[in-house]
Amino acid sequence: MVDDFSVSELTWDSAFFLKNMAHLNFVEGASGAASLSDFELVQAKVSTENYEQMSILNTLGFQLAEGEIDFSMWVMDKTSTDSSETSGAITLADFADIDKIKTIVENNFTMSRYRQPWFTAKERDSFYQLWAEKAIKGTFDDVCLIVKTGLIIKGFVTLKVVNSIARIGLISVAPNFKQQGVGKSLLQMAVNYCQIHNVRQLLVATQLANTTAIRLYSKFGFSINTLSYWFYKTHDPI
């Protein structure tokens, strides 16, 4: 049925972007059509194989925003891995690194689904800068790891751990250090962190258009977990 869905408000997102935002979930027997008009932006995420749900979203006036590929890899024990691959030190970002990491974020997430015409570049950058700051403080993601030489931060990666599974939230390399192996070093540092904290699976997602990230994760040993599409529907406030 075209109205078999529920709509839940995105409270934090709404407060940050100063617009009423919600997420559509497909739920059999629900009827949420009337609530769509209550929000300025409603998002939905569906599998690339679920043509029925995509058809419903099209009927409801949703637009395709971005494709997403989710990767996963099993983290082996230190005792079963080559020592040369796990001996790298883990460097945690601290409060003094926040401003430098925010500078790395700026204009470095251009392929994000938080993009025009739905979001401005300034809104996008501010969103990820706050995400990184919260990771450093341990109030959103749990930790922020950095590759650093002297006072220069070359890149960072954030991790959220739930039970024995960790997810990379953000990973970014400073513009002056791209194509120098920093991304691989960040991933290895994330793996080392997982091994120390008894994490068995590491997840990471990126946009289908981000071929550079896809190549990096594939070469590092990640496997494709799921493929999805993000859809948006906008409604001008009354």
Quick query: amide H of Thr48 versus all other amide H atoms, modeled in the peptide plane; which residues come in under 5 Å with a sequence gap of 5 or more or a different chain?
Leu227, Ser228, Tyr229
Contour minus end-to-end for Leu227 and Asp70, with contour as 0.36 nm per residue of separation and end-to-end as the Cα-Cα distance?
55.9 nm
If we count every other residue with Cβ under 9 angstrom of Glu66's Cβ, Lys/Arg +1 and Asp/Glu -1, where does the sum land?
+1
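Can you give the relative contact order of the chain as a percent, counting alpha carbon pairs under 8 Å and 6+ residues apart?
After rounding, I find 29 percent.
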Fully extended, how many nm does the chain gain between Asp94 and Asn20 (0.36 nm per residue separation, minus their Cα-Cα distance)?
23.3 nm
GNM result for the chain, Cα springs below 10 Å: residue of Asn163, Asn108, Asn25 fluctuating most strongly:
Asn163
Label point distance in nm, Asn198-Glu28, each placed 7 Å from Cα along Cα→Cβ:
3.8 nm
Between Glu49 and Lys178, what length comes free when the chain is fully extended (0.36 nm per residue of separation minus the Cα-Cα distance, one decimal in nm)?
43.0 nm
Rounded to whole Hz, the Karplus (6.51, -1.76, 1.60) HN-Hα couplings of segment 151-159, x for glycine and proline:
9, 9, 9, 8, x, 8, 9, 10, 9
Assertion target for Glu49, Glu68, ordered by fewest C-beta neighbours within 10 angstrom first, is Glu49, Glu68
Residues in segment 157-184 reached by a label modelled at Glu106 [backbone nitrogen below 20 Å; 7 Å Cα→Cβ]:
157, 171-178
How far is helix 182-196 tilted off the main Cα axis of the chain, in degrees rounded to 10, range 0 to 90?
90 degrees
Before anything else, pin down the relative contact order of segment 5-61: Cα pairs under 8 Å, at least 6 apart, normalised by residue count, whole percent.
32 percent
Kirkwood hydrodynamic radius of segment 5-61 from all distinct Cα pairs, in Å?
11.9 Å
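Under a Cβ-Cβ cut-off of 15 Å, what is the net charge of the residues other than Glu40 that fall near it, where Lys and Arg count +1 and Asp and Glu count -1?
-3
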What three numbers, in Å, describe the spread of the alpha carbons of the chain along their principal axes, ordered from the longest?
57, 36, 30
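Here, each number is a calculation from the coordinates, and none is a lab measurement. The model shown is predicted, which means the values in this text are computed figures rather than measured ones. With ideal geometry, Cβ positions are generated from the backbone for all residues, glycine too; neighbour counts draw on all protein chains shown.
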